[in-house]
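First up is the structure itself, then whatever we jot down about it.
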Amino acid sequence: MFGFFVLALPGLMAAGGLAGMVWAVVRMRRLKAAWRSGIEAPGRCLRLYAKTVTRRDGAHRSSSTTLHHVYEFTTAEGEVRRFEEAGGSATVIEGDTVVVRYPAGRPDRATALPPGDVRTRVGMGLLLGFLAVFVVACVGFGAFYLGVFKPVKEKVTERVREVPRMTAPADPVGPADPWEGVPEGFPTDLPGPPPGFP
């Protein structure tokens, strides 16, 4: 049962890391599909806001801020669409005009990021690298547990079982009467004062 819990936690963490890697790859593929589709529409930034995430680790505190934009555009079919996107340019503010790109028939996958955006590619690459190291570490921990820790634990358990159990010695049977053998009265054979004592 202990082994199950020791392997379940890194297993779940590795699964989360793999899910993050899949999300990053899917996101990058969707961006590339929007960039290569050739379908462009004029859009407008409706709102710009920053989202700050603060992490605390004891006395240390770190925070990261991500810009979020809300865009509105009209598709080729005349449908007005809105979408929110993280990581856009800090120079785009409310009311600015932008070029929106989306794959054919999928205006729900629109992006205002310019084609080949270096920050997006580098960010995705760093995220994929971090998640790959994270997954390898989780799998490595599981392999270390199964290959090293579990066999050592089994050997120690086996050795402990081999050691003969020491039993407590039986209580010696004492006298029925606890006062048996104890002299009664005041002792009379006490030595007297030394000779020449005043």
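The residues in the range 116-148 that are over 23 Å from G20 (Cα atoms), loosely packed, with under 15 Cβ neighbours inside 10 Å and in contact (Cβ under 8 Å) with a residue 60 or more places away in the chain can be counted, and the count is 1.
Of the residues making up the range 138-164, those that are small (G, A, S) and either out of contact with any Pro (no Cβ under 8 Å at 6 or more places or on another chain) or at pLDDT below 80 (or both) are G140, A143, G147. In the set (1) surrounded by fewer than 11 Cβ atoms within 10 Å (Cβ to Cβ); (2) part of a helix (DSSP H, G or I), L18 fails one condition alone, (1). For the range 30-44, the criterion of being of a type in the set (G, A, S) and either within 27 Å of the chain's Cα centre (by Cα) or closer than 22 Å to F130 by Cα (or both) is met by no residue. Each residue in the range 68-86 was checked for being in contact with a helix residue (DSSP H, G or I) (Cβ under 8 Å, 6 or more places away or on another chain) and either exposed (fewer than 14 other Cβ atoms within 10 Å of the Cβ) or among the aliphatic types (A, V, I, L, M) (or both), and 1 of them qualify.
Restricting attention to the range 25-44, the residues being closer than 30 Å to V139 by Cβ and either among the aromatic types (F, W, Y) or surrounded by fewer than 16 Cβ atoms within 10 Å (Cβ to Cβ) (or both) number 5.
The values are calculated or read from the model by the stated rules, or taken from the named source; none is laboratory data. All values reported here derive from a predicted model rather than from experimental measurement. Cβ atoms come from the backbone with ideal geometry, glycine included; neighbour counts cover every protein chain shown.
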